[in-house]
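Data block below; observations after.
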Amino acid sequence: MSNKLQAEKRRFHFSELLQKYAVIIVWIVIFAVFSIMMPDTFCTWMNLRTMLGSQAVLVICAMAILVPMIAGDYDMSVAANLTFVNVVVAKLNATMGLPLPLTIFIGLLIGVCIGMCNGFIVTKFEINPFIVTMGTQTLLAGFVLMISQTTITGVSQALKDYVYVKHILGISPSFFYALILCAILAYVFNKTAFGKRILIVGRNAQVAQLSGINVPRIRFGCFVVSGLISAFAGIIYTGVLGGGNPTAGLSYVMPAFAAVFLGSTCLRPGRFDAFGTIIAVYFLTTGTNGLALQGLQSYIQNIFYGGALVIAVIFSVVARRSREKKEIKRAQQERAQAEQELLEQLAKNSSIPAAE
Amino acid sequence: MGITEEEERFIRKETTLYVKNVSKTFGSNRALSGINLMIKPGEIHGLLGQNGCGKSTLIKILSGYHVPDPGGALWINGTQVTLPLPPGEFTKYGMSFVHQDLGLVNDLTVTENWAMNEIALTNNMRMDWNAVKADALKIFAKYNVSIDPDEEVANIGPMQRAMLAILRAVEDIHRNKATMEQHRGLLVLDEPTVFLPRTEVDTLFDLVRRIAQEGISVMFVSHDLDEVMELTDAFTVLRDGKNGGSGSTAVASKDQIIEMILGKKLNAYHVDTKDAEVFQRQEPVLRVEELMGNIVRGAKFSAHRGEVLGITGLIGSGFEEIPYLLFGAVKGATGVMEFQGKRQDMSRYSPRKAVEDRLALIPADRKTMGGAATLQVTENIMMQSLRHYRPHFLNFKKLREKSLDLISNYEIVPADPELEFGQLSGGNAQKVLLAKWIQENPDLLILHEPTQGIDIGARQAIYRLIEKTVKELGMTVICSSSDYEQLEQICDRVLIFVQGRIVSELVGAEITKDRITKLCYETALGA
């Protein structure tokens, strides 16, 4: 038996390896190019730690998208959720003087409520989640402006300290929060039975249902978790800004989606993955940071993010097709062989009728 | 082509469709061999035969979908055409097809559906919708049909849907001027009555007769012998890909036609009730009462431990709904199920509860309902069993080992646990699903068309597996299938559904392919 299995051991193809690490390879190349072009500004510890420390909100926001994405649902409202929590926390803490722990608690609660609303509408009325969350996104953006149309300043120093100021190993603490969150999600999705169930729901809800999985509950739960993580991102964002901004947070939606899709093309191609997403975030950051240091204006960011999203999706589909073709070919060969064997067997043993 | 001048003259003058010596081979499997068929102008011609007899292959050759083997010949409207026919161009020859699914888009209006071919083929940017609507209304009025042209197809009745599809197909024939000058044309109706309520079938038949009166020939494909007897002028029977017989409906008797379908006379069967007695002495573990679904109308049955219970009927009779009803996967179901002493209200049953009660369901659609095609074999095979492993820290090595064990026990080829499930052949995919559920030792295993689309080698392997499982684990198996031969091979008892109700029960040696076929058809006649 073991011989047979060894013979069947999975063959590795160069193209498969290339695909798996394509993002990382391109990342290294970009990094090297910028380093050579700007050794004094780009490739410095100062700049590297800025890059690492400045992207925590984007990473957390991408994680909020990742969770329902694995269950097969788009959540477009994460950035609006983030902004809403940001403004509410800033308003309560800075303007109304509520204590910081209470405002954080309220902020997280708001995120959970928004997630519950999304999840309830999607699962109860069976509406396309893309449309529902687009709606809540716009709705929340409106509410934000109702609360405040200008930036709010003056949140507690403690929040700023623990998010941005008190560096650990020279990097702002928010980076480590994002990393811990990413590790938790990677653990849940890759190591637990619960995470597997979410994956099955995302891949084929009908199979999941007929296997006894409570599909609506899992989808609902993923929206709630997504809401919670978005709120967490909103609180970190409040610390980063030192206050509230009613519009700036909304722009996170594009790069976050780009990171999630780009992340699904590396490490485990074809699967949304927490660590793949974090790699994608820093890949995108390297690009925009380097271009900004080159003196290009900030609109280059949008071009870069949008382009990266589209290319990432094309890339993942093309790679998937070529792999499928290869596997289909292999399966066909094996089937033809099995048929041949069967026919020979039938010819040998004439007592079995040869045809139906 | 070797035909006499006289024959040629006859074909030219007297036939709409003339099929001579047409064969079709798929790989090593001969689906049709030397089929002959003749339909006269204005004739309603029934095409009969069991599942897999070659009816649909023949139709697909006519529509240009299949390329027949060389050696056959085909005349349409009296003119010989070169085979194979170009796909999709059958309207050029004055033919039109209405398939079982009717080819309507439910979300579009009647008018939009009416103009479907025009929308698909025209290069005009602008469509004159008022003209299309007027055209549709004119035709509806001509045939005495009332359908609201602005209504969405989803909102009109099943009868009106069928009529819309048929009239649309007839219009395609009418548009072909050359055919109309000869007063010919061929309308193929491929089981259009399957989804219709019985009471409305007569209305449809009136419409078909009116169409035939204009000179258009109708090929009426049906399972239902009763309908064929009532509607058609002549019939042709296919059996195992060969001509089973043909004749005039007015002259032939039902028994004669059934004999043609089966290929032999129905003998008196020797009944051996030994197996049945064994089970009848036991208490049943499963009792179902007043089970209602979308098709099933109040089914009542029971099953014993270690029994393989077959459930069958003609397509659309309700037997295919039973697996999903029992598993709580049909919305709006009602009834009571008592399994191992636990009573369940079926209106509140769900697959989740079914799994808890140790039921297992293997659906007919393996790749979209049975397993997740884009996930790996391991992930599919272990889907049900993850709870036996540390839930908070899955041991992938152990999962992989277990999955390799199963792959080797169930002889799944290729033996690659990382392969995507969707890449497997039908037989191997089915083995994965059997392994997925059977490793959980279910008490009731529900199968739906367990060997549909599976080659004969794998089929035997699956029968052996089922037999072995029943013997070793003593579970109850319910097998819902339209493969009568399979039922004969593996079942201890078979229930036959007709129009949503159980009408007969066969036990032990009574279960034969012929007997089941006869009961399916005959009871439909008696209704």
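The values are calculated or read from the model by the stated rules, or taken from the named source; none is laboratory data. Since this is a predicted model, take the numbers as computed values, not measurements. Positions of Cβ are backbone-derived with ideal geometry, glycine not excepted, and every protein chain shown enters the neighbour counts.
Here are a few things to note about the model shown:
- Of all residues in segment B:351-374, those that are out of contact with any Phe, Trp or Tyr (no Cβ under 6 Å at 6 or more places or on another chain) and more than 25 Å from B:Val470 (Cβ to Cβ) total 5.
- Those residues of segment B:404-414 which are in a loop (DSSP other than H, G, I, E, B) and surrounded by 18 or more Cβ atoms within 10 Å (Cβ to Cβ), in sequence order: B:Tyr410, B:Ile412, B:Val413, B:Pro414
- The single condition among (1) of a type in the set (Val, Ile, Thr); (2) under 27 Å from the mean Cα position of the chain (by Cα); (3) part of a helix (DSSP H, G or I) that B:Ile11 does not satisfy is (2).
- Cβ-Cβ under 8 Å pairs, at least 6 apart or on other chains, segment A:209-224 side acidic (Asp, Glu), far side in a helix (DSSP H, G or I): none
- The residues listed here are B:Lys431, B:Lys436; of these, the one that is within 9 Å of chain A (Cβ to nearest Cβ), outside any loop (DSSP other than H, G, I, E, B), in contact (Cβ under 8 Å) with a residue 24 or more places away in the chain and within 24 Å of B:Val355 (Cα to Cα) is B:Lys436.
- Which listed residue, of A:Asp40, A:Asp75, is out of contact with any Asp or Glu (no Cβ under 9 Å at 6 or more places or on another chain), at pLDDT 85 or above and among the charged types (D, E, K, R): A:Asp75
- Among the conditions (1) closer than 26 Å to B:Gly500 by Cα; (2) in contact (Cβ under 8 Å) with a residue 60 or more places away in the chain, the only one that B:Val201 does not satisfy is (2).
- Boolean, B:Glu227 is surrounded by fewer than 17 Cβ atoms within 10 Å (Cβ to Cβ), on the phi < 0 side of the Ramachandran plot, in the same structural domain as B:Gly54 (by TED's automatic domain parsing) and part of a helix (DSSP H, G or I): no
- Leading residue by the ranking (surrounded by the fewest Cβ atoms within 10 Å (Cβ to Cβ)) among those in segment B:128-182 that are acidic (Asp, Glu) and under 22 Å from B:Met219 (Cβ atoms): B:Glu181
- Some residue of segment B:281-302 being assigned to a helix (DSSP H, G or I) and more than 30 Å from B:Leu196 (Cα to Cα): yes
- Filter pass, B:Val330 being modelled with pLDDT of 90 or more and under 30 Å from the mean Cα position of the chain (by Cα): no
- Residue match in segment A:145-156 (condition: within 25 Å of the chain's Cα centre (by Cα), part of a helix (DSSP H, G or I) and not aromatic (Phe, Trp, Tyr)): no
Results for (1) part of a helix (DSSP H, G or I); (2) in contact with a Gly (Cβ under 7 Å, 6 or more places away or on another chain), shown as yes or no for each residue.
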{"site": "B:Pro41", "(1), (2)": "no, yes"}
{"site": "B:Lys60", "(1), (2)": "yes, no"}
{"site": "B:Gly64", "(1), (2)": "no, yes"}
{"site": "B:Gly71", "(1), (2)": "no, no"}
{"site": "B:Pro84", "(1), (2)": "no, yes"}
{"site": "B:Lys92", "(1), (2)": "yes, no"}
{"site": "B:Leu104", "(1), (2)": "no, no"}
{"site": "B:Glu112", "(1), (2)": "yes, no"}
{"site": "B:Glu118", "(1), (2)": "yes, no"}
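- A count restricted to segment B:76-92 and to residues that are buried (at least 20 other Cβ atoms within 10 Å of the Cβ) and touching a residue at least 40 places away in the same chain (Cβ under 8 Å) stands at 2.
- Of residues in segment B:368-383 being more than 11 Å from A:Lys196 (Cα to Cα) and within 9 Å of chain A (Cβ to nearest Cβ), the one surrounded by the fewest Cβ atoms within 10 Å (Cβ to Cβ): B:Thr368
- Against the list (1) without any contact (Cβ under 8 Å) to a residue 40 or more places away in the chain; (2) closer than 29 Å to B:Gly316 by Cβ, the condition B:Lys398 fails is (2).
- Residue under evaluation A:Tyr177, criteria (1) farther than 16 Å from A:Ile70 by Cα; (2) of a type outside the set (A, V, I, L, M, F, W, C); (3) within 14 Å of chain B (Cβ to nearest Cβ), criterion not met: (3)
- Listed conditions (1) within 30 Å of B:Trp437 (Cα to Cα); (2) more than 8 Å from chain B (Cβ to nearest Cβ) are all met by A:Val207, apart from (2).
- Residues (of a type in the set (Gly, Ala, Ser) and either assigned to a loop (DSSP other than H, G, I, E, B) or away from every other protein chain (no Cβ under 13 Å) (or both)) located in segment B:443-483: B:Gly453, B:Gly474, B:Ser480, B:Ser481, B:Ser482
- Qualifying residue in segment B:320-333 (condition: facing another protein chain (nearest Cβ under 10 Å), crowded, with 23+ Cβ neighbours inside 10 Å and assigned to a strand (DSSP E or B)): no
- Taking the numbered list (1) assigned to a strand (DSSP E or B); (2) hydroxyl-bearing (Ser, Thr, Tyr); (3) surrounded by fewer than 19 Cβ atoms within 10 Å (Cβ to Cβ) in turn, B:Thr236 passes all entries but (3).
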